[in-house]
Amino acid sequence: MVVLAASIVSKNGKVLVSRHFVDMSRIRIEGLLAAFPKLIGIGKQHTYVETENVRYVYQPIEALYLLLVTNKQSNILDDLETLRLLSKLVPEYAMSLDEEGICQTAFELIFAFDEVISLGHKENVTVAQVKQYCEMESHEEKLHKLLLQNKIDETKRRMKEEASKIDQMKIEKNRGNKGGFMSSMGSGRIESSFSDMSISSGGGGGFGSGSGFGLTNDIDSFASKSKGRQPSSATAPPKGLGMKLGKNQRANQFLESLKAEGEMIVEDAQPSKLSSHIAAAHQQTDPVTLTAEEKLNVTLKRDGGMSNFDVQGQLSLQILNPEDGLIQVQIEAGGNPGVIFKTHPNMNKELFANENILGLRDPSRPFPTGQTGDAGVGLLKWRMQSADESMVPLTINCWPSVSGNETFVSIEYEASSMFDLRNVAISVPLPALREPPSVRQIDGEWRYDSRNSILEWSILLIDNSNRSGSMEFVVPPADSSSFFPISVRFSATSTYSELKVVNILPLKGGAPPKFSQRTQLITENYQVA
C-alpha cells in the first residue's frame, strides 16, 4: 500500500488542503486532483475511482470530499481503513466542515495526516494517540512554565513591596515635616503667651516697672525650659516602637544610653512596613472572588491499606464593592455521590436544593463586603469519607533493609491520574545521624534537616509523565520503625467535588459583576504510619 497524497477538496474541485507522501512534483499532484471531479459518477454507490495509473478513494464530508490518491497496487481495504481514520480526525481539528473552517486549520490537519501516514504507509495509531502526539505535551515544558510563572509572581511581589516602601517613605517624610512645623508653632504660642503675660503684669508701671522685669525673667526662664521639651500638641509615637519588641534588653539599654548622651537614634520600622506589604499583596483585584478549597486528611498503613480518608471542603466569597453585595451564586456540583453538601444557616436551603443557587434567606440583605481575610465569607461546606483505596491521590511505600553496617531504604510513590500534584514534599524521619544520609538514586530533589533529623524529598510537579518515582538512600543500622510516620504535603488545582461556579446573578438587575474562581486541594494531615 502506497498513499500518494491525502487531500480535502470541494465539490467543484477546489483544493483546500493537500499533503503528498512520496516524491512527486506539484504539477503532477495538481493534475491528479484537477481530474478527480470529472471522474466522479452520479448515482454510484462505491467511493473509489480508478484510472490507468492511480486510484482515488474518497468520502463525502458535508460539502467537501476527503480524498486519498493511491497507486493501483495498494490494498483497497487498508486504504478504506486509512480513509476512515482520517475522517474521524478532520472534525477534531477543523473549526467547521466548510472551506473557511478547513483553511483556518490547514496546518493542524497536515500535522495530523503526517501522524497517520508515513512515507505512504499507514501507521498503527488511534485518534487519541494522534491528538496526544500533535499536542506534544512535555513534562519539561510544564516544569519550565511553572518555574517561569513563579519568577513572574516573585517579580510582581517585589514590585509591590518596592512601591509600598516608596509610599511609606513619603508618608513618614510628610509626617516628620508636619511634626516639626507643629513643634515650632507650639513653642511660638508658649513664648507669645508668656510675653503677653509679662506685658500685662506691669499694671500701670508700663515697661519700666521693676515688677514687670522680674516676672519677665522668671517667665523667660520657664519658657526656655519649655523649648527643650516636646510640646504635648506635637507628641507622636516614636518611629521605632514596633522594632523594640524584637530587640533584647542589652540592645535597648545601649540605645537608651546613646539617647541620654544626646545622640540622634533613627530606628528601623521594617516589620510594620512588611505587614503592610503582605496585606497589599493579598488584596483582591476582582470585584467578586470565590474560592473552593478542599483539605485532605489521609492516614495510610505502612504495610498497605488505608485507615482514614476524609475530605472537607468550603466555598468562600469575597466582595470588594458594597454595590455588588446583592447577588446570588449559581454553582454546578460534580457527579461524585460520596460528597455531602451543607449550606450556611443564613442560606436559602430550598433554593440550593432545587436550583443549585446560593442566596441569602433575605434577598434584600447584601453579602458582607471588603477585605475579610484569606478565608472570606463561607457559603457552602462539604465532606467526603471513603474506604476505597483508589480515591487516594498519592501512595507511599517504604522498604528499609539492614545489610551489615548499613541500612538501605527504598521509597517509591505512585500517583493516581485524578490530579496533577504540585510542590510535593515527602518528609521521612531518620534516626539521629552524625552525617547526612547517602542518597544513591532519586527522582526529584532532596534536602536534609539536621536539626529535626528529617530527609525531605521534593517533586515540583507530578503529572502523566512521572506518575511513579523512587528514592534510595543509605544510613547507619537503624530499626525500621524509626523511618515512620512519613508526612506528605502537596497541592492541586482540581478537587474531589468538582464544584464550579457557573454564574453570578445580580438581584438588583443589570449586568452581573466580573468574578473569578479559585480552586485548590491541599493536604492538612497526610501520613504513612
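The values are calculated or read from the model by the stated rules, or taken from the named source; none is laboratory data. What you are looking at is a predicted structure, and each value in this text was computed from that prediction instead of being measured. Quick reminder, even Gly has a Cβ in these numbers, built from the backbone with ideal geometry, and neighbours come from all protein chains shown. Just the protein is used for accessible areas: all its heavy atoms, side chains included, with ligands, DNA and RNA removed. Shrake-Rupley method; radii C 1.70, N 1.55, O 1.52, S 1.80 Å.
Residue-by-condition table, conditions (1) open to solvent by less than 50 Å² (accessible area, probe 1.4 Å); (2) modelled with pLDDT of 50 or more; (3) part of a helix (DSSP H, G or I); (4) not hydrophobic (A, V, I, L, M, F, W, C):
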| position | (1), (2), (3), (4) |
| --- | --- |
| Ala112 | yes, yes, yes, no |
| Gln132 | no, yes, yes, yes |
| His144 | no, yes, yes, yes |
| Leu147 | no, yes, yes, no |
| Lys165 | no, yes, yes, yes |
| Lys173 | no, yes, yes, yes |
| Phe181 | no, no, yes, no |
| Ser198 | yes, no, yes, yes |
| Gly214 | yes, no, yes, yes |
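Go through the range 384-420 and give me each residue that's in contact with a Gly (Cβ under 7 Å, 6 or more places away or on another chain), more than 15 Å from Gly304 (Cβ to Cβ) and open to solvent by less than 20 Å² (accessible area, probe 1.4 Å).
Met384
Going through the range 87-105 one residue at a time, which ones are under 34 Å from the mean Cα position of the chain (by Cα), part of a helix (DSSP H, G or I) and within 21 Å of Phe21 (Cβ to Cβ)?
Across the range 87-105, the qualifying residues are Leu89, Glu92, Tyr93.
Please find, within the range 477-490, the residue that is most open to solvent (accessible area, probe 1.4 Å) out of those that are among the hydroxyl-bearing types (Ser, Thr, Tyr) and in contact (Cβ under 8 Å) with a residue 12 or more places away in the chain.
Ser480
Mind checking which pairs have a first residue in the range 147-169 that is under 26 Å from Arg422 (Cα atoms) and a second that is modelled with pLDDT under 90 and assigned to a helix (DSSP H, G or I), Cβ under 7 Å, 6 or more apart or different chains?
The qualifying pairs are Arg157/Ala281; Lys160/His277; Lys160/Ala280; Lys160/Ala281.
Among the residues of the range 494-519, count how many are of a type outside the set (D, E, K, R), touching a Leu at 6+ places or on another chain (Cβ under 8 Å) and assigned to a loop (DSSP other than H, G, I, E, B).
6
Considering only residues that are free of Cβ contacts under 8 Å to residues at least 60 places away in the same chain and either aliphatic (A, V, I, L, M) or buried (at least 19 other Cβ atoms within 10 Å of the Cβ) (or both), which ones fall in the range 85-104?
Those that are free of Cβ contacts under 8 Å to residues at least 60 places away in the same chain and either aliphatic (A, V, I, L, M) or buried (at least 19 other Cβ atoms within 10 Å of the Cβ) (or both): Leu85, Leu89, Tyr93, Ala94, Met95, Leu97.
Looking at the range 491-509 only, could you name the residues that are of a type outside the set (S, T, N, Q), open to solvent by less than 70 Å² (accessible area, probe 1.4 Å) and over 25 Å from Glu456 (Cα atoms)?
Correct list: Tyr496, Leu499, Val501, Ile504, Leu505, Pro506, Gly509.
Just for the range 45-79: of the residues that are in contact with an Asp or Glu (Cβ under 9 Å, 6 or more places away or on another chain), more than 18 Å from Val22 (Cβ to Cβ) and touching a residue at least 40 places away in the same chain (Cβ under 8 Å), which one is surrounded by the most Cβ atoms within 10 Å (Cβ to Cβ)?
My answer is Leu64.
Which one is surrounded by the most Cβ atoms within 10 Å (Cβ to Cβ) among residues in the range 510-529 that are among the aliphatic types (A, V, I, L, M) and in contact (Cβ under 8 Å) with a residue 60 or more places away in the chain?
Per the stated criteria, the residue is Leu521.
Which numbered condition in (1) of a type outside the set (A, V, I, L, M); (2) part of a loop (DSSP other than H, G, I, E, B); (3) within 15 Å of Ser497 (Cα to Cα); (4) modelled with pLDDT of 90 or more is the only one that Asn336 fails?
Result: Asn336 passes all but (4).
Restricting the search to the range 288-337, which residues are more than 19 Å from Pro363 (Cα to Cα), open to solvent by 30 Å² or more (accessible area, probe 1.4 Å) and over 25 Å from the mean Cα position of the chain (by Cα)?
Thr299, Lys301, Arg302, Asp303, Gly304, Met306, Ser307, Asn308, Pro337
Using the structure shown, decide if Thr70 is β-branched (Val, Ile, Thr) and under 14 Å from Ala6 (Cβ atoms).
yes
Could you go through the range 67-74 and let me know if any residue there is within 15 Å of Ile8 (Cα to Cα), among the aliphatic types (A, V, I, L, M) and under 40 Å from the mean Cα position of the chain (by Cα).
Taking every residue of the range 67-74 in turn, none turns out to be within 15 Å of Ile8 (Cα to Cα), among the aliphatic types (A, V, I, L, M) and under 40 Å from the mean Cα position of the chain (by Cα).
Does Thr82 meet the test of being open to solvent by less than 60 Å² (accessible area, probe 1.4 Å) and over 54 Å from the mean Cα position of the chain (by Cα)?
Spelling it out, it is not the case that Thr82 is open to solvent by less than 60 Å² (accessible area, probe 1.4 Å) and over 54 Å from the mean Cα position of the chain (by Cα).
Identify, please: which residue in the range 428-476 is of a type in the set (S, T, N, Q) and under 15 Å from Trp399 (Cα atoms) and is, among those, least open to solvent (accessible area, probe 1.4 Å)?
Out of the qualifying residues, it is Ser470.
So Lys11 clears everything in (1) open to solvent by less than 20 Å² (accessible area, probe 1.4 Å); (2) touching a helix residue (DSSP H, G or I) at 6+ places or on another chain (Cβ under 9 Å); (3) not hydroxyl-bearing (Ser, Thr, Tyr) except one condition, right? Which one?
The failed condition is (1).
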